[in-house]
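Since every read-out is calculated from the coordinates, none of them should be taken as a lab result. In this text the structure is predicted, and so the values were computed from the model without any measurement. So basically every Cβ, Gly included, is an ideal-geometry build from the backbone, and we count neighbours across all protein chains shown.
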Amino acid sequence: MGNRQLDKARDCVKKKNFEYAVHWYLQHLKTAPDDLEARRELRSAERSQKRLGGKKGFFGKAKAKMLESKAAVIRVNTKDPEKTMIQCEELLKQDPDLVPALLRLGEAASYAKHEEVAIMAFEDALTVDKNCKEGLRLLGHVYENNDQLDKALKCFQRLNKVDPKDKEAMDKCKNLPARMTSAKVQAGVEAGGYQNLIDKDEAKKLARRSTRVRTAEQAIERIADLEADLQADPGNVALMKQLAELCVKADQPAEAIAWCDRALEHEPDNEQMRSMKGDLVLKRQEKLLQKLEAAARKDPGAYKARWGQAKKKLVAMQIQEYKRRVEAKPTEFALRFQLGKVLYDSNQIDAAIPELQKAKSDPRKKAEAGYYLGRCFIAKKIYKMAVREFKAASADLFEMDGIKKEITYYLARIYEQAGQKANAIAEYEAIAEVDFNYRDVTDRLEKLS
């Protein structure tokens, strides 16, 4: 079937019927997502179709902005990344040079283990915008994960040139050459050469430092190496940060917090270390809460009160930490979302609303912030504003899953409560079409019908 679709697509290209060619290429790629050549041909057909459309006018520019905003909110479905690939292609069908969609396509392809498709997508994005920092970073990661270290290094060198202050680019430009040298040395050792050029223990140490840390045991070995480095440079906060991260991987949270504290002694205003410590402290409290919850189920009399106190303490800690972060970085609207959500969860509705309204300025959080705003307005019985927020949030979401089902459900409930029967049925049916057993949707449809 797939080959027939591909044949049809290629036949349409010969006839310069690019619109139908794109349709058949997309049908083929749904069953063969790793067909790199077909994807290249698809992009070529899309661009030919775009050229036929001529220059952009006012409406063309408005459409481009609309597509960019849609692409900006796409999140990779890690359980089914090929679904996200299709979602990206639906946008690229309308504009094959849409950089955000190309980047998400590459990310999704990488999650799906279609590495060549990922590389093609990132390179495509960089052809459109050669200084795209996210494209250079993501392409560098794919090359690095596939042991193409020379190509990875070139990506991070380009990123470093575009943004000389980018910390990861600086680190990669320093560390990747060492890994490349280590790989050559290791190959020489395995082949029986270089015996007189390098001490075996040093070679092992170099190889250990250049290997990605995947296990707790590897993290513990790396910690020992970095602690030795820190003795020679006791004020190196970057080393302390790495040690804290390695302690997390080694499942040593107390030691990780201690390294954060030590770094903050040297740099009290280091927001990165303060946030890392905050995350570690919150995670420690969450684990305690989980233990108390399990104990309260077995012995409510002994643990239920302690569990309740621990929940209140966690919420207070979260509010304090997220307020601190917002004060430190008032223009980072994703932080506003974190604060707004925890304020909503703790029933501090009036305080949550302005934070969530500001959070909508972040395209990645726009829909979710709109959902929680709608819930806030329901809590305050301001139903018109709730409907407005839910509709705006729903318009930014493509798939009827997760949060979109929640939004649609609450919209239906508002319509039902207001006696708008037809609107309520339409919203409930939209959910039932994809998830027949969602909540009490079918019961409510039966009653309304």
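Mind sorting out which of (i) -0.28, -0.91, -1.24, -1.40; (ii) -0.37, -1.19, -1.41, -1.46; (iii) -0.66, -1.05, -1.23, -1.30 is the real log10 I(q)/I(0) by the Debye sum over Cα atoms at q = 0.06, 0.11, 0.13, 0.14 Å⁻¹ computed from the coordinates? Derived directly from the coordinates: (ii).
Each 10 Å bin from zero up to the one holding the largest Cα-Cα distance in region 213-268 carries the following percent of pairs: 28, 56, 16, 0. Residues Leu226, Leu335, ranked from the fewest to the most other C-beta atoms within 10 Å, line up as Leu226, Leu335. If you wrap the Cα atoms of region 301-449 in a convex hull and average its projected area over all directions, you get 10.7 nm². Modelled spin labels at Leu448 and Glu332, positioned 7 Å past Cα toward Cβ, are 4.2 nm from each other.
FRET efficiency for the Ala379 to Lys312 pair, using the beta carbon distance and R₀ = 22 Å, is estimated at 0.65. 3J(HN,Hα) couplings calculated from phi for region 284-294 with the Karplus curve 6.51 cos²θ - 1.76 cosθ + 1.60 (θ = phi - 60°) are, in sequence order, 4, 5, 5, 5, 4, 4, 4, 5, 5, 4, 4 Hz; Gly and Pro show x.
Rounded, prolate or oblate, given the Cα gyration tensor of region 2-142, with a/c below 1.5 counting as rounded? Working shown, then result.
Values: a/c = 1.71, a/b = 1.09, b/c = 1.56.
Oblate shape, in that a/c is at least 1.5 and b/c is the bigger or equal ratio.
Fully extending the segment from Glu271 to Lys14, taken as 0.36 nm per residue of separation minus the present Cα-Cα distance, adds 86.8 nm. Shown is the FRET efficiency for Asp233 and Ala302, computed with R0 = 45 Å from the Cβ-Cβ distance and rounded to the nearest 0.05: 0.35.
Region 74-137 and region 340-361 have their alpha-carbon centroids 32 Å apart.
Note down the relative contact order for region 2-142 as a percent, whole number, built from C-alpha pairs under 8 angstrom at least six residues apart. Intermediate values should be presented prior to the final figure.
On the way: 167 pairs, mean separation 24.7, N = 141.
Answer for region 2-142 is 18 percent.
Between Ile349 and Val162, the FRET efficiency estimated from the beta carbon spacing at R0 = 60 angstrom works out to 0.90.
Between Ser44 and Asn175, the simple spin-label model (points 7 angstrom out along Cα→Cβ) gives 4.0 nm. Residue order for Phe398, Phe337, fewest other beta carbons within 10 angstrom first, comes to Phe398, Phe337. Evaluate the relative contact order of the chain (contact order divided by residue number), counting alpha-carbon pairs under 8 angstrom at least 6 apart; express in whole percent. Once divided by the residue count of the chain, the mean separation gives 6 percent.
If you rank Trp24, Trp307, Trp259 by fewest surrounding Cβ atoms within 10 Å, what's the result? Before the final figure, lay out each step's value.
Numbers: Trp24 23, Trp307 19, Trp259 28.
Least crowded to most crowded, the residues run Trp307, Trp24, Trp259.
Dipole of region 306-425 computed with +1 at Lys/Arg Cβ and -1 at Asp/Glu Cβ about the Cα centre; of Ala316, Val387, Ala418, farthest Cα towards the positive end is Ala316.
Among the listed pairs Lys83/Lys404; Lys63/Lys130; Lys83/Lys323, those with a Cα-Cα distance over 25 Å are Lys83/Lys323.
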